[in-house]
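The numbers here are math on the coordinates, done by the rules we state, and not lab data. As the structure is a prediction and not an experimental result, all values here were calculated from the model. Positions of Cβ are backbone-derived with ideal geometry, glycine not excepted, and every protein chain shown enters the neighbour counts.
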């Protein structure tokens, strides 16, 4: 097999960073910080290590003299990573609700005990930050403009500042991710084939639509249909691809890959429908609502069943379950926008979301003890969407109860976003653990033959992993 | 020096100092045969034990540390030795009950085995103690070891946990569409030969009788008041009569079941953990909703603008949060495992509640429950239709339980019609789904024969009644001879069914006297029996004994 020459090559290379690199087991937080503060890569071996994830153009270049001595013996003729990693491998090699933890017996292609280049550690989940902020911008916009919450006298400046913040974060993250595409295209491709990560490829486009919907009055009055086409086009294209995979079977059929994150690929339809109404196109909005609803039904039933075949489903509850709330509440808003009133259908969708919300809240103590990751941001936007739907509902049914509900849910979602914001900042600048090594993209293509150098690998695997997360971090962030 | 003399000498020596030595000695003397009183040679007799108990009580400080080693040599589970001041010992226990108490004490889950092995003694039947709420407290105040053990179980806190079988045990040990028949390889913890106390045999599915009768009251109310069936000129007295009968039945059942919950709480708990029975916990609340919906016009009740509706729905909502959460959040009770037609009972409460709320003039609350019901009905319907291979409770053949398929859509159509005020397209779509399912069951009617009657069958009559009521409502909207005759026909069918089931109930209750057979479903063991040992009691004993012996060995090692 093409990958078999790889194994020895990386085993040969591994000792190098360990020799002149940082101390392998920094126990304290200060030591961990020291590791990440140091210039991370010893120049030569890194260039060889990460080359497989580089874009083809850089691979096809004639080897530079500096990397020649290393690359001399293995003679890597065709890059074996160009072959698609099959979906089953992701399930076999990874675990965790986001499929981002390596199983104990697995090896990866990249060195585990040194920090990778920043771009390789930058996952597509990071767009979740924009999702959270963008939905908050919409929420505060409607808090300041909705008649149901007029008594709060929320200033539109809040909306504006959050919107600018969301825009800035979107611009930054898009730029960085574009760089990743340019330099490490293989990594992006592997994220795309990852059964959970692929859903996050919808996120940038959803964020764009969020920002268009939540644009403050000072910026624009009515969006132009071109914007809808620009943002909805990629979503539709991705949907054709993803839904087709679900339907047409194969390794990525829905009963295998179903995961709460799959809601992300459904909710885009409803957001697109809302935007279509805003730009004045009612018929595409209905089309999108229908498509979204049909697939939402399928995803909902499949997830509820917890089929034994769906391997990506976390065994316990996890923040990712808040995704259940997103689609029905977005659907209710979309329906109300399309047909002009918050009628029985809207209410049915809204109440489904509300019940799911309650049924998650009463199990709140199951949600503790998970490690913070940047993907958590995407789990805040369902709560924000539910608050938005509640505001809509409070407009339709004016009573103190509905107003109180709208207020409480909005505060809850804002508090959650704020908490995440703080913990993200802490992780980013204080602990410097916001972007740990992204093991999910570096799994081997074939199963490691059991027994082969197992002890060596395992001893290298896990001691280095926990040091990425100093112990106070998960506990502190998990209290949310 | 045998164990008895050791104990006798305890009265003379200073317990604080000598206890450790004594316990080690006891352990060495007794442990190898302590669990088999048939040997007799090294048995400790209780009158000799009670002095030790007294000294133990003085030893609060020591017992915490040494409780484990005590538990080896002593006839109690480890926690049994956490002796308490408030557990008074008034008198020594009679000699002949000693051996049974002694034995039961040495086991982690002692009560069932004691019941299996022993004959009832001295008039008090202790075999059902494990299901009693306060085993022996009322009728045997002086049974001090009993009290001690109970107390220690409460203190340890996990005695109850061990008593409840995990969910997979229900699937392993039981069979049948209602999971109420013991597999041949299994043994029950209660004696199977003779009837148990009535309360233990009274299942929660008895409430379905109230549902069946209550839905009939609703049907006859609709027949007497609907414009489409005006030509029948049915007197509202029929409704009143049925309603009063339902009310009476409801009160009786509720009182009886309350007694069961008070006296045999463990049995109720086991019913709640039973994957099929748990759905029947919705039925009392649904029956109450039926009573409100079928309220005769002659009975005047002021609803205060529907305020009474909220407390009625609160228990249903709480149960739903629990049950649906179990489906979704995984674990042993995920839907792909426990899905069963009787899950419809957990769904249909939403629609019945929405129907009642909308009839009382509410709007938002009914839509809430309608939405919740619709979402979960879609999930359940798809799951049941798929007949997943992991679904362990789905009956292989058709069974009356499949009539529950008709219930949810027919009540949903009624509820939606009441919410929006007219039997519109959405209502009709849902109604026709129900009608099709009904038809597809009726054409397979000869598959439904040959099953044993049970009280749960009452639950399967109310879907037909629901379909009949929906048809009456539909005929009121689309009034023509066909719909009118259809509503008439379906009403006749449902009433005939109820009459048949009533007849069967009466025959079983009065003539055959087996209306409430032993409820094996609640009496399964927590651990699977050892292979090869099929005879009841033996299996449990062997497993527990082995565990105890292992424990004793380790502790002996530690003690030395």
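Could you calculate the FRET efficiency of residue B:198 with residue B:172 from 1/(1 + (r/R0)^6), where r is the beta carbon distance between them and R0 is 45 Å, rounded to 0.05?
On the way: r = 28 Å, r/R0 = 0.63.
It comes out at approximately 0.95.
Give the shape of region A:251-394 as rounded, prolate or oblate, defined through the alpha-carbon gyration tensor: a ≥ b ≥ c are the square roots of its eigenvalues, a/c under 1.5 means rounded, and otherwise the shape is prolate if a/b is larger than b/c and oblate if not.
Verdict is prolate for region A:251-394.
Work out how much length residue A:362 to residue A:121 would gain on full extension: take 0.36 nm times their residue separation and subtract the Cα-Cα distance, in nm to one decimal. Can you show the working numbers first?
Details: separation 241, 0.36 × 241 = 86.76 nm, distance 3.51 nm.
Contour length minus the Cα-Cα distance gives 83.2 nm.
Hey, fewest Cβ within 10 Å first, where do A:300, B:292 land in order?
By the 10 Å Cβ count, ascending, the order reads B:292, A:300.
Quick one: Cα centre-to-centre distance for region A:346-367 and region B:257-271, in angstrom?
31
Please order B:511, B:273, B:431 by the number of other Cβ within 10 Å, starting at the fewest.
In increasing order of surrounding Cβ atoms, one gets B:511, B:273, B:431.
To the nearest Å, what is the center-to-center distance of region B:236-252 and region A:369-390, using C-alpha atoms only?
Cα centres, region B:236-252 to region A:369-390: 51 Å.
Which distance in Å, rounded to a whole number, links the C-alpha centroids of region B:323-364 and region A:414-443?
Using only Cα atoms to place each centre, the spacing works out to 38 Å.
For a footprinting-style exposure proxy, rank A:239, A:344 by other Cβ within 10 Å, fewest first.
Result, fewest neighbours first: A:344, A:239.
Averaged over B:315-321, how many beta carbons belonging to a partner chain fall within 10 Å of each residue's beta carbon? Write down the numbers at each step before the final one.
Values: counts 0, 0, 3, 1, 0, 3, 7.
Per-residue shielding by partner chains comes out at 2.
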